[in-house]
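For reference, the structure is listed below as structure tokens.
The values are calculated or read from the model by the stated rules, or taken from the named source; none is laboratory data. Quick caveat: nothing in here was measured; it's all calculated off a predicted structure. Cβ: placed from backbone, ideal geometry, glycine included. Neighbour counts: every protein chain shown.
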Amino acid sequence: MTKGEIIVSLDIGTSKVRAIIAEITDGSLNIVGVGSADGEGIRKGAIVDIDKTVHSIREAVEHAERMVGIQIDSAYVGISGNHILMQQSQGVVAVSSPDREIGQEDIDRVLQAARVVALPPEREIIAVVPREFRVDGLDEIQDPRGMIGVRLEVDAYIITGAKTVVHNLLRCVERAGMVVAGLVLNSLGSATVALSADEQNLGVVLVDIGAGQTTISIFEKGVLVSTASLSIGGDYITQDIAIGMKTTTEVADAVKIRYGTAMVAAASAEDSFKIPRIGSQGEKEISQQELASIIEPRMQEIFYLINKEIDRIAPGREFPGGFVLCGGVAALAGTDRLAEHELGAPVRIAVPEFLGVRDPSYVNGVGVIRYVMRTYGRRAANLSSVRKQKVSNGLFDRIKGWFSDFV
Ligand SMILES: Nc1ncnc2c1ncn2[C@@H]1O[C@H](COP(=O)(O)OP(=O)(O)OP(=O)(O)O)[C@@H](O)[C@H]1O
Ligand SMILES: [Mg+2]
């Protein structure tokens, strides 16, 4: 039924695995299929059970496939977690063309040069992000294409992940019957949906609060400069509710989503709901305010830990662009107000502007598609050659091949 180019993303999260099918027609993006499944086999953002994860991926993909009526055989996969590290690197090359005009090929070569760093054997490069280019010593160049010069240099960040984590992720997707078209760092993908270019230039913190992990990504001068991941999230709030109300985690999660608010002051004492209690036949009536009194302290703690982590990774830095929140927890009513209070800075909640995915928990999945689409437009020729190479090479050779897709 579709005519345009199809891009599929997979967001393998602690609470949900999400598959999104997008159609790109004349450069514009349309979300045509969305599927999700409970994230069985994933704890705190990491795969702990391959079989269960494979099953969740299949289920999410089948949902999405049914919406579109096509079969998916490859997907771009989002990656995040506390195993992600960034390090700086430089590259230098001589401009190759006789007329000295810098082209994509020179940029590829200089980034390739920046990629040559000594890495411990257990780490794998996920992306190379150019921070600034220099042409014959002239610095602070964002895009040197079309400039004239002899010597092209780059200052870049190399983003690496733990080989085991990357390997497990790829294993699961491939065992679910798909080819991994590429890996995208969630921070880079989400930024294309959640952040404006101005915010990224001014300095902004993107915080993804999921079920089991919270990822902090700092952008300055238009690029990702720092990222860190904490093992905290919505699951903690659910646990607190389950314990406080003596009910199951399923019920706790459902009431949190349906009636929860982040601030007691904003909750109603009159509005109440009934929940079944563990170990008794009866139900208990609970007011929205009582629920908020369980949620608020945990939310405060989450923002306290976020603040502390930012002080650690970016001490003394100011962020004129403020904070932008995404991830499921950002959908909790009143989160923006509580966060502004706790962080002492302007806070905005990011939501993808597409039908069917208008929820902060879809920022990662839609972000991966946007990121691929942006890179794709520029580098269509390279992508197809990387695809061909993927069929014959081994797993890690393939990862090496992808890196060139994503700079
Ligand atoms: N409207 C809502 N109000 C409160 N909490 C919500 C709401 N919607 C989702 N959540 C919570 O957000 C969390 C899920 O967020 P998300 O889908 O971003 O996580 P994930 O990607 O599965 O996990 P992670 O990124 O941690 O691996 C759950 O704890 C869920 O209860
Ligand atoms: Mg997530």
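Points worth noting:
- If you go through region 332-344 and keep only what is surrounded by fewer than 17 Cβ atoms within 10 Å (Cβ to Cβ) and either part of a loop (DSSP other than H, G, I, E, B) or outside the structural domain of I237 (by TED's automatic domain parsing) (or both), you end up with just G344.
- Within region 195-215, considering residues that are in contact with a helix residue (DSSP H, G or I) (Cβ under 8 Å, 6 or more places away or on another chain) and more than 13 Å from ligand 2 (Cβ to nearest atom), the one farthest from P360 (Cα to Cα): Q200
- Check on I232, within 16 Å of ligand 1 (Cβ to nearest atom) and either outside the structural domain of K308 (by TED's automatic domain parsing) or surrounded by 24 or more Cβ atoms within 10 Å (Cβ to Cβ) (or both): no
- Selection status of V351, β-branched (V, I, T), more than 26 Å from T247 (Cα to Cα), part of a loop (DSSP other than H, G, I, E, B) and within 16 Å of ligand 2 (Cβ to nearest atom): yes
- A266 under 19 Å from D336 (Cβ atoms), small (G, A, S) and surrounded by fewer than 20 Cβ atoms within 10 Å (Cβ to Cβ): yes
- Any pair with Cβ under 8 angstrom, 6 or more apart, that starts in region 52-78 at a residue that is touching a residue at least 12 places away in the same chain (Cβ under 8 Å) and farther than 23 Å from L355 by Cα and ends at one that is in a helix (DSSP H, G or I) and within 16 Å of ligand 1 (Cβ to nearest atom): T53/C172; V54/C172
- Complete set of residues in region 120-132 that are surrounded by 14 or more Cβ atoms within 10 Å (Cβ to Cβ) and out of contact with any Asp or Glu (no Cβ under 7 Å at 6 or more places or on another chain): R123, E124, I125, I126, A127, V128, V129, P130
- Figure legend. Inter-residue proximity from region 3-18: first residues in contact (Cβ under 8 Å) with a residue 60 or more places away in the chain and within 16 Å of D73 (Cα to Cα), second residues part of a loop (DSSP other than H, G, I, E, B) and more than 8 Å from ligand 2 (Cβ to nearest atom), beta-carbon distance below 6 Å, spacing 6+ or different chains. Indicated pairs: V8/I72.
- Restricting the search to strands (runs of 3 or more DSSP E) fully inside region 263-331 and requiring at least 2 residues that are more than 16 Å from ligand 2 (Cβ to nearest atom) gives 272-276, 283-287.
- Residue in region 197-210 that is in contact with a Leu (Cβ under 6 Å, 6 or more places away or on another chain), touching a residue at least 12 places away in the same chain (Cβ under 8 Å) and near ligand 1 (Cβ under 10 Å from one of its atoms) present: no
- Matching residues, region 162-196, being among the basic types (K, R) and either within 16 Å of ligand 1 (Cβ to nearest atom) or touching an Asp or Glu at 6+ places or on another chain (Cβ under 9 Å) (or both): K163, R175
- Scanning region 316-330 for residues that are within 16 Å of ligand 1 (Cβ to nearest atom) and either on the phi > 0 side of the Ramachandran plot or surrounded by fewer than 19 Cβ atoms within 10 Å (Cβ to Cβ) (or both) gives a single hit, G327.
- Residues satisfying the stated conditions in region 1-39, i.e. closer than 16 Å to V372 by Cβ, away from ligand 1 (no atom under 16 Å from the Cβ) and of a type in the set (A, V, I, L, M): I6, I7, V8, I21, A22, I24, L29, I31, V32
- Screening I42, I57 for residues that are within 12 Å of ligand 1 (Cβ to nearest atom) and in the same structural domain as G367 (by TED's automatic domain parsing) leaves exactly one candidate, I42.
- Candidates are the residues of region 64-74 that are outside any loop (DSSP other than H, G, I, E, B) and surrounded by fewer than 17 Cβ atoms within 10 Å (Cβ to Cβ); the one that is farthest from ligand 2 (Cβ to nearest atom) is R66.
- Screening V77 on (1) among the hydrophobic types (A, V, I, L, M, F, W, C); (2) surrounded by fewer than 14 Cβ atoms within 10 Å (Cβ to Cβ); (3) closer than 23 Å to R370 by Cα shows it passes everything except condition (2).
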